[in-house]
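Written below as structure tokens is the structure these notes are about.
The values are calculated or read from the model by the stated rules, or taken from the named source; none is laboratory data. Quick caveat, the model's predicted, so the values are computed rather than measured. Backbone-built Cβ (ideal geometry, glycine too); neighbour counts: all protein chains shown. Surface accessibility is based on the protein's heavy atoms, side chains included, excluding ligands, DNA and RNA. Shrake-Rupley method; radii C 1.70, N 1.55, O 1.52, S 1.80 Å.
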Amino acid sequence: MVLTGSLKSLLPHVLRRIIRCNRLSISNTSGMAEGYKQANVVILHKSLADDFEKFCHANDGPLPLLYRSKPGDWKCPSLSGDSDIRTDCLQYRMYEYGACTGSLKSLMEYSEQLKDMVTFYLGCSFSFEKAVQNAGIPIRNVEQKCNVSMYKTAVPCYRVSAFCCNLVVTMRPIPESKLEAAVQATSELKEAHGAPIHMGDPGLLGIQDHSKPDYGDPVHLHPGDIPVFWACGVTGVEAIISCRAPLAFTHSPGCMFITDLKNDNVAVRSSRETPEVHCISQDPLHYSLVSAEAAQKIKTLETLIGIDPGDRGIIHLHRQDELLKACLSISHARSVLITTGFPTHFTYEPPEENDGPPGALAIAAMLQALEKEVAIVTDQRAMNLNKKIIEEAVQLGILKRPVPLLSFQRESADSALMFLCENGNPGRPRFDHLIAIERAGMAADGNYYNARKVNIKHLVDPIDELFLAARTIPGVTTTGVGDGGNELGMGKVKDAVKKHIKNGDVIACDVEADFTIIAGVSNWGGYAIACALYILSTCEIHDRYLRKAVGFPQLSKKVVWLSALPSVTKEEKLLKTLVRHKVRSGKTASLEMEVDGLPFYNTHSLMIENLL
């Protein structure tokens, strides 16, 4: 027998020869032939080959195709010079009508059947282990001398004909401080599955117990490790099971075919190709990916909207990168609830100001374009007004369709939970993200104040309770947008409000949001969210991460997203609508912005031209 400790330094053709002679007593090829590409193997009847190739191209994250053989061809000259697929994997599995009917050391006895079968060689994550180690990151399964953990997920692959299955992933524990390094080390290695498709809580992929992998071995996390998941070629095994072919063969998970190809050296990357990692939730733990280029555009937006036209001291409330993190979280959301409405003109009817609704509708329009569910919750007394504004926004082409309009009243201790979750069950939330934009926020004494310290509690429904309840529901995150510190969600910066904002000791909102976006005018914050969501949607790195590297890029929908962006023309039309309904201005400003060489204007509190 060959000593396993020396396997990582052996050349691939030597390893294949040893495997062919059945002289290894190990269970997987992780760590072998460091720096060389390894391959998953799928062998099926030639009548299924074209559809399976299409399936691979439609799901190239888990199934990067390295080589497709001709029927009965046991060699793969572009991958190795002297191989024989019947003997050169440590172990194989045989499938008949979708059921695994045996584990085999060799396929030689099936040579006659193999004459009518095609072999697919698919990229493997073992190929990137050396690159990860070179970045100073431990490979825990190699340290623990075991196979990598592999899991079936609840993520469906793109279906092609009879091939219909869910994504399979590998999990590698990565120290939190090394997450970005791990992503950057693997993102350009497309033939080894590329960047991770998820970082954080396994439950977000539908994995119920990470200590019980579906394939491979349990790999133990060290303190400070984060579970990181890559798309896995064992997805091909699940595809074989799903198509119920009369006969098919695969490698046994972890027992790869070792090629003669070295991993490509990663070239110097542009900011568009460089990924950044950002934490967007602690419960459940969830990180997201975005390109450095897209992140910088959003950071520039955050700076632009932070201009203080009223010189009220809002610079002291600013929290860096909150716009980016909030929009990453919203981008992952399925269903979003928006609230707005600040009755600052308490002696008039209606008492609302015109800062808030335009920004809320700009967010809603982009969410609709991104095919997310969106609803608006507002005060019961303002339902008719908001219904008319929404109807006219549809007529004006600002919204694609009416946004469901809701109201909330506290009738019992669990009213907020019942509103946010199906039957009050925190495990079944109706919304993933709540956004408050220029919404009156509750102060520490339980009252609601305008900037002049006037108590307007009699005009405000207790929508704050939804944000308080959201903090107890795993998977529901919140964002507050404001320009003075007395808006819902500003509790995160209340100390700064009390210290730097006029009347802050009285008016400061006490209710926190997970993310706090500070803008010179709250509408600007809404427009910035809409623009940032567009930037994220057109970011290839973020798009791939969102769709878990299965299916096709969504960039074909760019025209629809562009049409949903806020513009001066749209805001002028909406302003006229608000004036017609006697909604008064709360603040005015003049601002000119430029991003990417394109203008971003505001000639009134409602008029910001989009930057893209």
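Quick look at the values:
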quantity	calculated
For peptides 355-365, 136-146, 119-129, sequence by mean Cβ density within 10 Å, most packed first	355-365, 119-129, 136-146
Nearby aspartates and glutamates by direct alpha-carbon distance to Lys46 (threshold 14 angstrom, same-chain neighbours under 8 apart not counted)	Asp73, Glu112, Asp116
Cα-Cα over 20 Å, subset of Lys190/Lys262; Lys190/Lys558; Lys457/Lys576; Lys325/Lys570; Lys75/Lys130	Lys190/Lys558; Lys457/Lys576; Lys325/Lys570; Lys75/Lys130
Per residue solvent-accessible surface (Å²) - the chain, probe of 1.4 Å	39
Ranked packing of 64-73, 222-231, most packed first, by mean Cβ within 10 Å	222-231, 64-73
Carbon plus sulfur fraction of accessible area for the stretch 119-175, probe 1.4 Å, in percent	52
Distance in nm between pseudo-label sites at Lys54 and Ser9 (7 Å out along the Cβ direction from Cα)	5.0
Charged-residue dipole, Cβ positions (Lys, Arg, Asp, Glu), the chain about Cα centre, Debye nearest 20	840
Set of the stretch 32-65 residues, backbone N closer than 17 Å to the point 7 Å along the Cα-Cβ line of Ala162	42-56
Met442 long-range amide H proximity, modeled H, under 5 Å	Asp510, Val511
Gain in span if fully extended, Met383 to Glu112, counting 0.36 nm per residue against the direct Cα distance	90.2 nm
Positive minus negative residues near Glu129 (Lys, Arg vs Asp, Glu; Cβ under 13 Å)	+3
Entry for Rg/Rh (Cα atoms, Kirkwood Rh) (calculated from the structure that is shown) out of (1) 0.97; (2) 1.38; (3) 1.06	(3)
Rounded tilt (10° steps) of 292-305 against the dominant C-alpha axis of the chain	10
Angle in degrees between helix 46-58 and the longest Cα principal axis of the chain, rounded to the nearest 10	30
Neighbour net charge for Phe249 - beta-carbon separation under 11 angstrom, K R +1, D E -1	+1
Sparsely packed chymotrypsin sites (Phe, Trp or Tyr not before Pro) within the stretch 327-412, loop by DSSP, other Cβ within 10 Å at most 14	Phe346, Tyr348
Loop-resident sites, the stretch 283-342, for GluC sites (Glu not before Pro), counting at most 10 other Cβ within 10 Å (DSSP)	none
Stretch gain in nm, segment Glu143-Glu373, where the contour uses 0.36 nm per residue and the Cα spacing is subtracted	78.3 nm
Residue (of Gly31, Leu107, Ile330) at the positive-pole extreme of the chain, dipole from beta-carbon charges	Leu107
Potential extension, Asn425-Glu572 segment - 0.36 nm per residue separation minus Cα distance	48.7 nm
Cβ-derived FRET efficiency at R0 25 Å, Glu176 paired with Ile315, nearest 0.05	0.20
Packing-based order for 271-279, 504-512, 48-56, using average beta carbon neighbours within 10 Å, highest first	504-512, 48-56, 271-279
